[in-house]
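Values quoted throughout were computed directly from the atomic coordinates according to the rules given, and no laboratory measurement underlies them. Nothing here was measured: the structure is a model prediction, and the numbers come from that model. Cβ coordinates were reconstructed from backbone atoms using ideal geometry, including for glycine residues, and neighbour counts include every protein chain displayed.
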There are 2 protein chains.
Amino acid sequence: VSGGRRGPIDFYFDFASPYGFLAAMQIEAVAERAGRRVAWRPFLLGAVDKAVGQSPLEHPLKRAYVIGVDVPRLAHAAGLAIKAPADFPSHAMPATRLFYWLDDRDAALAVRFAVAAYRAYWLDGCGTADATVAINVAASVGIVGAEADLALGQPAVKQRLVDENEKAIRRGVFGSPFMIVDGEPFWGGDRLTQVERRARETASVSELDRRE
Amino acid sequence: VSGGRRGPIDFYFDFASPYGFLAAMQIEAVAERAGRRVAWRPFLLGAVDKAVGQSPLEHPLKRAYVIGVDVPRLAHAAGLAIKAPADFPSHAMPATRLFYWLDDRDAALAVRFAVAAYRAYWLDGCGTADATVAINVAASVGIVGAEADLALGQPAVKQRLVDENEKAIRRGVFGSPFMIVDGEPFWGGDRLTQVERRARETASVSELDRRE
């Protein structure tokens, strides 16, 4: 943990989430300005919804607004041209599993993978549920395809993601993106200014105790 | 309509919505800076949810975050001390009916009523479903209590709200607050900066044609 006693910004996101994508393009700069590091924490929003009994029923008006209006408008303001994943809305199980598999070896590599995956899904429009896409993204950051392919099927890799999802639920995460700074939760990319302000503060000892 | 050819900012909100309340405290200033007026448009979010088949099932983690963390934090930043309505979450049928009843007589009076109602619900913690509260709020802006009480039960007043809800759905409104500027939709209080920027622009003729 860099920044002396100050913990990371926990950055929870679903690869299939457009708001997660937009936040992912900014979160490292936010953390750098605040003198913190980012702990990247992908999870499966669908699994969280199921666990807490939320209806997976999509709101038709909301989806049209989010994908047709709000996300393109925010992306435009950020200088990005969004192209939704071919299978949207779907899960992003393959990349999420591969992230934690890589994270156990090399955290910096896992972050490079996460950024590349997000760009493949939301700038190139690749399907989030497609294992081949995730394996190709891994190859783009130097991972041998056959190894990634094998990893996706390993019980330990599968279990790791189940555990991470459960941990996210225990921490109160219910949306993407979702940031936690010294125990304080922030939901949504429109809270990044608040996250940065909070992250600039020095954590109190009690908050550090609670978290660690 | 003030501001020459430029239409109003349509401001849709549910009196039972905390984000609607926070936006209501800012929307007139936003419009004034942009040289527009505000068309206040309360509606019943529950009726919209039902009409579009959204599950009314509340997400337990989300509710705790919204009411326990996010709304108080935003209110604090705005210099307001929130107190949730005693019956939250509930509908705000009485104030919404009274709003349109007043709006037909005197639009400025209806806006004063809306602001007073929002303050009663979200600063004083009065129940949104309680007809007596709505009648008392009406009295605070000069309406005789017995008249407001009678109005609440009139079929024409009831039908007016049904019609307004249907109109909101036809315009794609699905959340509170929800703003429409020259046909462009904005969902959420965190979009007020974008609303102001958009409202400063002069509407194109085609947009005005589409809207009117």
Once both labels are modelled 7 Å past Cα along the beta-carbon direction, what's the A:Asp49-A:Val162 spacing in nm? 2.2
Quote to one decimal, in nm, the extra length available between A:His76 and A:Leu123 on full extension: 0.36 nm per residue of separation minus the C-alpha distance between them. 15.7 nm
Can you list the copy-to-copy distances for A:Ala146, using a point 7 angstrom from Cα toward Cβ, in nanometres, shortest first? 9.2
Show me, for region B:37-51, the HN-Hα J-couplings you get by feeding each phi into the Karplus relation (A = 6.51, B = -1.76, C = 1.60, θ = phi - 60°), rounded to Hz, glycine and proline as x. 9, 10, 9, 6, 9, x, 8, 9, 4, x, 5, 5, 4, 5, 5
Quickly estimate the mean residue ellipticity at 222 nm for chain A, helices only: each DSSP H run with n ≥ 4 gives -39500 (n - 2.57), and the total goes over all residues, rounded to 500. -15500 deg cm²/dmol
In the Gaussian network model of chain B, springs joining C-alpha atoms below 10 Å, which of B:Val137, B:Val69, B:Val181 carries the largest mean-square fluctuation? B:Val69
So what are region B:41-187's ellipsoid semi-axes, whole angstrom, largest first, if each one is the square root of 5 times an eigenvalue of the alpha-carbon gyration tensor? 24, 20, 15
Answer in debye to the nearest 20: the dipole magnitude of the protein assembly as shown about its Cα centre, from +1 Lys/Arg and -1 Asp/Glu charges placed on Cβ, is 540
Quick query: amide H of B:Ala16 versus all other amide H atoms, modeled in the peptide plane; which residues come in under 5 Å with a sequence gap of 5 or more or a different chain? B:Ala92
Using a Gaussian network for chain A with springs between C-alpha atoms less than 10 Å apart, which of these wobbles most: A:Arg119, A:Arg105, A:Arg41? A:Arg105
Would you grab the residues whose amide H sits under 5 Å from the one on B:Ile9? Only those 5+ places off in sequence or on another chain, please, with H modelled 1.01 Å from N. B:Arg37, B:Val38, B:Ala39
Residue-by-residue Karplus 3J(HN,Hα) for region A:151-160, coefficients 6.51, -1.76, 1.60, Hz, glycine and proline x: 4, 4, x, 6, x, 5, 5, 4, 5, 4
From phi via Karplus (6.51, -1.76, 1.60), per-residue ³J(HN,Hα) for region B:118-126 in Hz, x at Gly/Pro: 4, 5, 5, 6, 10, 10, 9, x, 6
Which one, A:Ala47, A:Val69, B:Pro89, is farthest towards the positive end of the dipole of the protein assembly as shown when Lys and Arg carry +1 and Asp and Glu -1 on their Cβ? A:Val69
Mind listing the long-range amide H neighbours of A:Lys83? Cut-off is under 5 Å, sequence gap 5 or more, other chains count too, H placed in the peptide plane at 1.01 Å from N. A:Leu123, A:Gly125
Hey, what does the equivalent ellipsoid look like for the protein assembly as shown, semi-axes from the Cα gyration tensor as sqrt of 5 times each eigenvalue, largest first, whole Å? 43, 23, 20
